[in-house]
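The values are calculated or read from the model by the stated rules, or taken from the named source; none is laboratory data. Everything numeric here is computed off the predicted structure, so don't read it as measured data. For neighbour counting, all protein chains shown are included, and Cβ atoms are generated from backbone atoms with ideal geometry for every residue, glycine included. Side chains included, ligands, DNA and RNA excluded: accessible areas come from the protein's heavy atoms. Shrake-Rupley method; radii C 1.70, N 1.55, O 1.52, S 1.80 Å.
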Amino acid sequence: MIRRALIASILLFASPAFAAPAPHMPITSFEQLTKPLPLPYDEQADAKAVVAAAKARAKANHKLLLIDLGGNWCLDCRILAGTMEVPALKTWLARKYEIVEVDVGRFDKNLDIPAHYGITERLKGVPSLLIVEPRTDRLINAGRTAALADARSMSPQGLADWLAGWVR
């Protein structure tokens, strides 16, 4: 009986239902995003240095590290960046994540960043998001990193919900 209750408790708390709820998005369409859409990736940045600094901040502030791999040429990357700038989501994200953008060029630049987390084959798409537990440096969304590579097929609330799904 006790063993059954323990297993039920573990399954209950491991359930996505206990993910932090996403904020309600005040927009229902990407057409409502501020234009022009952001160009979020610094093509000249030292990716290793900015990721290391973000990881240190995430660890110190007890947040998850979100590494956004993409390119300014990518519409889905820019839609994601614009959605993340919506004030309701931006405020929520700032409490839960330390976010760093890494330019991967045309899938030919800064690929040592995803390789560090075991992604050594070609990225399946961009944006690819690496959600990392900074204390252990463990990728927690393995196998789902390219889930937003077709961000424009989702809704703003769908993007917010996906981002919230990793936060406990």
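Of note:
- Cα-based reach from residue 109 at 24 Å (exclusive), listing lysines while leaving out same-chain residues under 8 positions away: 48, 55, 124
- Neighbour cut-off at most 15 other Cβ (10 Å), DSSP loop, chymotrypsin sites (Phe, Trp or Tyr not before Pro), the range 22-98: 73
- 37 °C / 0.692 mPa s Stokes-Einstein diffusion coefficient of the range 53-151, Kirkwood radius on C-alpha pairs, µm²/s: 241 µm²/s
- Modelled label positions at residue 168 and residue 90, each set 7 Å beyond Cα in the direction of Cβ, lie 3.1 nm from each other.
- Ranking 91, 28 by solvent-accessible area of protein heavy atoms (1.4 Å probe, all protein chains present), from largest to smallest, gives 28, 91.
- Exposure rank, largest accessible area first [34, 83; 1.4 Å]: 34, 83
- Inter-label distance, nm, simple model (7 Å from Cα along the C-beta direction), residue 27/residue 136: 3.6 nm
- Net charge of neighbours whose Cβ lies under 12 Å from the Cβ of residue 154, counting Lys and Arg as +1 and Asp and Glu as -1: -2
- Helix 75-84 and the long axis of the chain differ in direction by around 60°, with both axes built from C-alpha atoms.
- Residues in the chain average 55 Å² of solvent-accessible surface per residue, probe 1.4 Å, ligands and nucleic acids excluded.
- Calculated [θ] (222 nm, deg cm²/dmol) that DSSP helices of n ≥ 4 give over the chain, each run adding -39,500 (n - 2.57): -10500 deg cm²/dmol
- Of all accessible heavy-atom area on the range 41-119, the percent that carbon and sulfur account for (1.4 Å): 52 percent
- Tail fraction, Cα-Cα pairs, the range 110-168, threshold 16 Å, whole percent: 45 percent
- Between helix 47-60 and the chain: long-axis angle, C-alpha atoms, 0 to 90°, nearest 10: 30 degrees
- Computed over the chain, Cα set: Rg, Dmax in Å: 16.6, 60
- Summarising the amide proton neighbourhood of residue 148: residues at separation of 5 or more, or on other chains, whose placed amide H is nearer than 5 Å comprise 129.
- Residues of the range 42-86 with amide N under 12 Å of a point placed 7 Å along Cα→Cβ from residue 153: none
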